[in-house]
Structures are given as C-alpha cells and as structure tokens.
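*Asks:* Here it is, the structure in full.
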Amino acid sequence: MANGTDFSIQYGSGAVSGFISQDTLGMGGLNVKNQQFGEALHEPGITFVAAKFDGILGMAFVTISVDHVTPVWYNILAQKLVSQPIFSFWLSQTQSTNMGGELTLGGVDSKRYSGSINYAPLTSETYWEFTVSDFQLHGQSLKWCASAGCKAICDSGTSLIVGPSKEIDALNKQLGAKVVNGEGIFTSCSVVSSLPNITVVINSVNYVLTPKDYVLEITSDGQTECLSGFMGLNLGGLGPLYILGDVFIATYTAVFDFGNERVGFAKSVQ
C-alpha cells in the first residue's frame, strides 16, 4: 500500500533513497501487519551493486529510525507475535555449509551456544550500544580505552570488527598486514599459525578471538588471500566508536535483550 513519503538513508558505506510503502511482512513464520518499509529507487556507489542481498532490515531502536517509521521488532512485540522480547544471532564460520546463519525471534537457540550468556547493560538506546572495557593483544592492553571504557555497538549488518583508523591501522600493521583503505591484507595465509590472540573485555568477561576467528580467507577467481577481521573506519559524529560485527558474532552468539535493555554473548557452537 502506498504511503507517499520520501526517505533517504546514509550508511557507513553506501546510501539509498526512495519512498515508503506498507505491507504485511512475512518473517520466520510470523506475519507482521501494517509494516512500513522503504522502497529504494537510488543506490549511489558500488556497495549495493556488489552486495549479495536484497535489502536491509534494521533491528535497532526507534530513536534512530528514518522518518520515524516503526521498526519491525517494535511491531512484532506490539502484535504479541513472540513470547519474549529477545532476539539472537548465530553465524556460521564455515563457507561450505548451507546454513549461513540463524536469527531467532523471541528467544535464543540453545543449540547454537555453549556455557552461559554474559550480559552488558546498554548505555544508549540508539544502536545496541554498550561499553568495552579493553582490547588486548597477547594479553596486554592496547590502551585504546580510557578508564570509562570504549563506546561500542554490536551489529550483524557490519561484516568486520570496526574501529577508529588510528588504532585499528596500527593493530593491523602490528599483526604484519599491509593496510589499504582501512583493510589489513596479509602477504600469505601461512601467517595465521603464528598470529596472537586478541581479547575484547566486556563487563569483566574476556572474549578471546583466535587467529582462526579474526582472519578471513577469501577465494576469488581461483586466488586465495587472507584479510584481517579488523578494519579502520572513522565514523564522524558517531565516533570514536567500535563495532563488533560478524567476525565477533560468528565467534560469540549475540543475544539482544530488549526487555532488560542489555546485550549478551556466549561461545558459539559451530
């Protein structure tokens, strides 16, 4: 159903603009009635040309919704389509599997994690924002965070772990990667066996990323190269900000607890 309102969104990379419409949205067996959404007419840049998806569905808070459109998650809760105000993401680390990932609406899939879920309280209801106490290399602090910690968000829509260019570029160089436009490129994939663990400390819990977790092996046209899962990007008015994207979520299943205003992580079962 037509709405007639124009919309425009600027992302970290790429942008879209068009008009808003309304329909019933089928999602995971749920039918979300009267859901407004943007139909993109313009997608400047190459981001969405290269992207292998048909659209973006935001799961953050209504405070940052363009044109104040009610997000899907809010409508799911208002229409009482789930029993708990929780959703969670599990992502596969294996390229060859048919199961690339799983979004659970209304809870957490216990088969997708081991141990306990450790939570951190939200510091802002915009993106899913919380505090990272420290980033460590070889168990030693990288001194990126002041005593109050670093501002961070967890975002399944971001592929890598992103942070300010100065810090992340220095880390990638320390790991032996060549930095090109914020990305760390290794000269050989053999370096994986000698790279150190990197630890993210959140609410007194150490989340360890091994080289296998944070080095991405990419094969294209028969050529394989290894990239760092850390990318430097200055986010302007949002920064300094760290984004724990898919590299982190593939290692630690992410739980978004809307009702208790917190985000949690547990070791992913692959």
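*Asks:* Report, to the nearest 10°, how far helix 165-174 tilts away from the longest principal axis of the Cα atoms in the chain, using its own Cα long axis and a range of 0 to 90°.
*Replies:* 40 degrees
*Asks:* Still on this structure: Once you compute Rg and the Kirkwood Rh from C-alpha atoms, what is the Rg to Rh ratio for region 1-75?
*Replies:* Ratio value, two decimals: 0.95.
*Asks:* Test of understanding: in a Gaussian network model of the chain with alpha carbons linked when under 10 Å, which of G28, G222, G239 would top the mean-square fluctuation ranking?
*Replies:* It is G222.
*Asks:* Moving on. Which residue, D109, D169, D67, tops the fluctuation ranking in a GNM of the chain built on C-alpha contacts under 10 Å?
*Replies:* Result: D67 has the largest fluctuation of those listed.
*Asks:* Please state, to two decimals, what the Cα-based radius of gyration of region 82-268 comes to when divided by 2.2 N^0.38 Å (N = residues).
*Replies:* Relative to the rule-of-thumb radius for its length, region 82-268 sits at 1.01.
*Asks:* What is the order of C154, C189, C145, fewest Cβ neighbours within 10 Å to most?
*Replies:* C189, C145, C154
*Asks:* Moving to a separate point now. Exceeding 23 Å between C-alpha atoms, which entries from my cross-link table qualify? They are K212/K267; K33/K80; K111/K151; K52/K178; K166/K267; K143/K166.
*Replies:* In this structure, K111/K151; K52/K178; K166/K267 lie more than 23 Å apart at Cα.
Values quoted throughout were computed directly from the atomic coordinates according to the rules given, and no laboratory measurement underlies them. Given the structure is predicted, the values throughout are model-derived calculations rather than measurements. So basically every Cβ, Gly included, is an ideal-geometry build from the backbone, and we count neighbours across all protein chains shown.
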